[in-house]
Each structure stands twice: as structure tokens, then as C-alpha cells.
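A.B. asks: Once you've had a glance at the structure underneath, I'll fire off some questions.
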Amino acid sequence: MATEESERRVQTTCLLVLTFIASGAALYFVRSVVVPFVLAGFFVILLKPFIDWQTRHLKLPAGLAFATTLLLGASVLTFTGGVIASSVADLADKQDEYIERLGELEDKVSASLQRMGFDTESKIEKVLDRLPQLGGTLLTRAINGLVGVASQGVLVLIFMGFLLAGMTSEPAGTWKRVHEGVTKYLHAKVAMSVLTAVLVYVILVLCNVPLALLWALFTFLLNFVPNIGSIVANLLPIPVILLSPEVQAPWIAILVPIAVQFVVGNVVEPKVMGKSVGLHPVTILMALIFWGLLWGFIGMLLSVPLTLTLRILLEQSEFTRPLADAMAGRLGPSSSPETEPTPVEG
């Protein structure tokens, strides 16, 4: 009997591994359709309280509340596309000015290194020559990521319409737990991302940094990318800050946003989201790598809520519950999901 039980567990484990591999391959090959659908699902979770508020407090018909919510989503995507387009045009207009400023900056750095006794004609000069290319590549990839999000906006809105129209009742059972966990995470994360982006925008405007709205938009989006998002958001505007002669107090424009990101991310956000552990830091890092390889920039943005959803689903089965506990960092005896509330990672 024990042998049969052991064999069944081995077979089930092998089937789970094969299912995981097959699901990953399927999600990769159909990402052009699945990614907009998943984005629409998370947008619906974010916007559903807005629909409820309209129907309960404003006494609007459900159809009108549905239409205004879709209009809000379309306005957000249009605004994002407009910011990207205007920023790219502004960068193109000031390209010659930035190149000239970069040459002056390289001469200053080279002169300083020569006074310090370094040979600027060798490796150091090659590094200086590659800096503009590296900065341009980083900025180009970030803008392409934003363009990718905005370009799928129509498909996302279509999926949002179907999902909102199909929400005839509140979720129950397992999906209620998933909905509550993801809703708590998304609402808290959006609030913290908006706070960080607004503070960064104010600082950059006061320092007269070009494209302040674009950098604030990057700050908002990259705040959803765990571990590395805030670092990239702080690095992106540095070339423009250093190459723009109109910037006032460039070091303040660089260092103060870093301080804002640190305080909000490490002091304010944990208090808002709670101290309970929903996903272990190693799990978050592995999720970032996995979803980033699978779906690129959008996968990195959605890595935490997707992995949180997966953990809650695994928690419902007795066989897969140890894996869910490991993802949450609970390596002791597993607990029943009926007796322990689902925590959410901050």
C-alpha cells in the first residue's frame, strides 16, 4: 500500500513538472493574445471599485458605469501614448545639443583623469566612448517597453469590455481568495507607485529637468518591477540631467529621487502593505526572471501578482500546498488555507 502511494506521488510530481513545462511553452507562444488578456484582468481588478462607487454612490446604471470605466481606461492608455510620443520627439529635436554637451563632458572627464595620472588614450577613453551608447540603449529599451504596453491598448480594452460585462456576481471559493489577495496587492502598489512618481516629478520639475513627465511615468511603471525596477528608474534620467545645460542643481535632481525611492519603498510601503510574508524574496527574484524571459517587460511588471495568484492556487490542494508554503518562505509544517489568511507581499 505504501509502495502504491509512493508511486502515485512520483507520477503526480512528474505530471506536474511536465504540465509546468508545457504551460510555460504555451504561454510563450500565445503571448500576443494572453498578455493583453492578463493585463485586462488586472485592470478590471483595479477599476472594479470605481464601477461599484458609481453604482452605489452616484446611483448610475450599470451600463453607464461600465462605459465610463472603459473611457477611463482608454484615457489612461491615450495619455501614456501621448507622453511617449512627445518625449521621443523632444529627444530627437535636442539630439545635436546633447551630442555637443556630451563631447564637452567627455573632455572635462578626460582632462580630470589626465591630471590624476591616468592614461585616457587607452581603456578609459574607450569606456567614455561607450557610455552614450549604453545610455541610449537603456533608454531605447525602456521606451520600447512603454510602446509595447501602449500598442496593445485596443486589444486590452476589448478584453476589459468582455470581462466587465461578464462580472455578473462576486467571485467565490478559490477565486475569491485570489481576487482578494491580488486586489489588496495591486491597490496598495498603485498607491505607492503614484506617490513615488508624483514626488519624483515635483523634484525634477523644480530642478528644471527635461522630460520630467516621462521620468515620472517610468518611475510609476518600474515600481512594479521588484528588486531592480527602482534602480533602473533612477538611472534612466541621469544622462539627460548631465547633458542638459538648463538643469539646476543636477546632483539634487539625481540624489533626491533616489532618497525618495528608498524611503517610500523601504519605510512607507511595508507599513501600507503589511508585514506578513506572501512571497519569499528568492521566490520574487525567480519569478522576475521567469516572467521576464517569458513575456519581456510586461512579464516583469506582472511577475509579483502572477506569482501570488499561482501560490494561492497551489495552496488549495493538499499535494501542492508544500510548494505554496515554500514559495511563501514557510518551510515548516504546512497549514490549511481555511485556517490561515492569505498574506500579501509588499
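A.B. asks: Can you tell which of Ser23, Ser6 is loosely packed, with under 11 Cβ neighbours inside 10 Å, within 30 Å of Glu318 (Cβ to Cβ) and over 31 Å from the mean Cα position of the chain (by Cα)?
C.D. replies: Values: Ser23 fails: over 31 Å from the mean Cα position of the chain (by Cα).
Unique residue meeting the criteria: Ser6.
A.B. asks: Still on this structure: If only one of Leu243, Leu221 is in contact with a Phe, Trp or Tyr (Cβ under 6 Å, 6 or more places away or on another chain) and surrounded by 15 or more Cβ atoms within 10 Å (Cβ to Cβ), which one is it?
C.D. replies: Exactly one of Leu243, Leu221 is in contact with a Phe, Trp or Tyr (Cβ under 6 Å, 6 or more places away or on another chain) and surrounded by 15 or more Cβ atoms within 10 Å (Cβ to Cβ), namely Leu243.
A.B. asks: Give segment 236-266 a look and list any residue that's of a type in the set (A, V, I, L, M, F, W, C), within 18 Å of Ser87 (Cα to Cα) and touching a helix residue (DSSP H, G or I) at 6+ places or on another chain (Cβ under 7 Å), or say none.
C.D. replies: Let us first name the residues in segment 236-266 that are of a type in the set (A, V, I, L, M, F, W, C), namely 236, 238, 240-243, 247, 249, 251-256, 258-260, 262-264.
Then keep just the ones that are within 18 Å of Ser87 (Cα to Cα); that gives 236, 238, 240-243, 247.
Of everything in segment 236-266, those that are of a type in the set (A, V, I, L, M, F, W, C), within 18 Å of Ser87 (Cα to Cα) and touching a helix residue (DSSP H, G or I) at 6+ places or on another chain (Cβ under 7 Å) turn out to be Leu236, Ile238, Ile241, Leu242, Leu243, Val247.
A.B. asks: While we're here: In segment 171-190, how many residues are modelled with pLDDT under 80 and either within 11 Å of Leu308 (Cβ to Cβ) or not in a helix (DSSP H, G or I) (or both)?
C.D. replies: Result for segment 171-190: 3.
A.B. asks: Among what's in segment 9-20 and is modelled with pLDDT under 85 and not polar (S, T, N, Q), pick the residue that is surrounded by the most Cβ atoms within 10 Å (Cβ to Cβ).
C.D. replies: Leu16
A.B. asks: Does Ile312 meet the test of being within 18 Å of Leu331 (Cα to Cα), touching a residue at least 24 places away in the same chain (Cβ under 8 Å) and surrounded by 15 or more Cβ atoms within 10 Å (Cβ to Cβ)? Please lay out each step first, then the result.
C.D. replies: Working: within 18 Å of Leu331 (Cα to Cα): yes; touching a residue at least 24 places away in the same chain (Cβ under 8 Å): yes; surrounded by 15 or more Cβ atoms within 10 Å (Cβ to Cβ): yes.
For Ile312, the condition - within 18 Å of Leu331 (Cα to Cα), touching a residue at least 24 places away in the same chain (Cβ under 8 Å) and surrounded by 15 or more Cβ atoms within 10 Å (Cβ to Cβ) - is met.
A.B. asks: Same structure, new question: Which one of these is in contact with a Phe, Trp or Tyr (Cβ under 7 Å, 6 or more places away or on another chain), buried (at least 16 other Cβ atoms within 10 Å of the Cβ), at pLDDT 85 or above and among the polar types (S, T, N, Q): Ser193, Ser230? Even if it seems obvious, please write down each step before you answer.
C.D. replies: Working: Ser230 fails: in contact with a Phe, Trp or Tyr (Cβ under 7 Å, 6 or more places away or on another chain).
Going through Ser193, Ser230 in turn, the sole match is Ser193.
A.B. asks: Now, a different point. Where residues in segment 241-293 are among the small types (Gly, Ala, Ser), in a helix (DSSP H, G or I) and touching a residue at least 12 places away in the same chain (Cβ under 8 Å), which of them is nearest to Ile312 (Cα to Cα)? Reasoning before the result, please.
C.D. replies: Start the filter on segment 241-293 by keeping residues that are among the small types (Gly, Ala, Ser), which leaves 244, 249, 253, 259, 265, 274, 276, 278, 287, 292.
If we keep only those that are in a helix (DSSP H, G or I) too, we end up with 253, 259, 265, 287, 292.
From what is left, the residues that are touching a residue at least 12 places away in the same chain (Cβ under 8 Å) are 253, 265, 287.
Numbers: Ala253: 41, Gly265: 25, Ala287: 15 Å.
Result: Ala287.
A.B. asks: Can you go through Ala40, Ala62, Ala74 and tell me which one is at pLDDT 85 or above and surrounded by 11 or more Cβ atoms within 10 Å (Cβ to Cβ)? Talk me through it step by step, then tell me what you get.
C.D. replies: Working: Ala62 fails: at pLDDT 85 or above; Ala74 fails: at pLDDT 85 or above.
The unique qualifying residue is Ala40.
A.B. asks: Among the residues of segment 202-214, how many are without any contact (Cβ under 8 Å) to a residue 40 or more places away in the chain and closer than 17 Å to Pro239 by Cα?
C.D. replies: Residues that pass the stated criteria total 2.
Okay, residues lined up against (1) under 20 Å from Asp52 (Cβ atoms); (2) under 15 Å from the mean Cα position of the chain (by Cα):
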| position | (1), (2) |
| --- | --- |
| Thr174 | no, no |
| His187 | yes, yes |
| Asn223 | no, yes |
| Ser244 | no, no |
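A.B. asks: Considering only residues of segment 171-190 that are surrounded by fewer than 21 Cβ atoms within 10 Å (Cβ to Cβ) and in contact with a helix residue (DSSP H, G or I) (Cβ under 6 Å, 6 or more places away or on another chain), which is farthest from Glu269 (Cα to Cα)?
C.D. replies: Here the answer is Pro171.
A.B. asks: Given Trp215, Trp251, which one is of a type in the set (Phe, Trp, Tyr) and either surrounded by fewer than 20 Cβ atoms within 10 Å (Cβ to Cβ) or in contact with a strand residue (DSSP E or B) (Cβ under 7 Å, 6 or more places away or on another chain) (or both)? First the steps, then the outcome.
C.D. replies: Numbers: Trp215 fails: either surrounded by fewer than 20 Cβ atoms within 10 Å (Cβ to Cβ) or in contact with a strand residue (DSSP E or B) (Cβ under 7 Å, 6 or more places away or on another chain) (or both).
Only one candidate qualifies: Trp251.
A.B. asks: Next up: Starting from residues that are under 16 Å from Thr78 (Cβ atoms) and surrounded by fewer than 17 Cβ atoms within 10 Å (Cβ to Cβ), keep the ones in segment 149-170 and report whichever is modelled with the lowest pLDDT. Before the answer, list the steps.
C.D. replies: Filtering segment 149-170 for residues under 16 Å from Thr78 (Cβ atoms) gives 149-158, 160.
Still in the running and surrounded by fewer than 17 Cβ atoms within 10 Å (Cβ to Cβ): 151, 154-155, 158.
Working: Ser151: 65, Val154: 76, Leu155: 83, Ile158: 85.
Among residues in segment 149-170 that are under 16 Å from Thr78 (Cβ atoms) and surrounded by fewer than 17 Cβ atoms within 10 Å (Cβ to Cβ), the one modelled with the lowest pLDDT is Ser151.
A.B. asks: Would you mind stating whether Ala2 is more than 30 Å from Ala212 (Cα to Cα), touching a helix residue (DSSP H, G or I) at 6+ places or on another chain (Cβ under 7 Å) and modelled with pLDDT under 85?
C.D. replies: Details: more than 30 Å from Ala212 (Cα to Cα): yes; touching a helix residue (DSSP H, G or I) at 6+ places or on another chain (Cβ under 7 Å): no; modelled with pLDDT under 85: yes.
So Ala2 fails the test.
A.B. asks: Next up: Yes or no: Val256 at pLDDT below 90 and surrounded by 15 or more Cβ atoms within 10 Å (Cβ to Cβ)?
C.D. replies: Numbers: at pLDDT below 90: no; surrounded by 15 or more Cβ atoms within 10 Å (Cβ to Cβ): yes.
Here the answer is no, as Val256 does not meet what is asked.
The values are calculated or read from the model by the stated rules, or taken from the named source; none is laboratory data. Being a predicted model, the structure only gives us computed values, none of them experimental. No Cβ is skipped: glycine too gets one built from the backbone with ideal geometry, and neighbour counts run over all protein chains shown.
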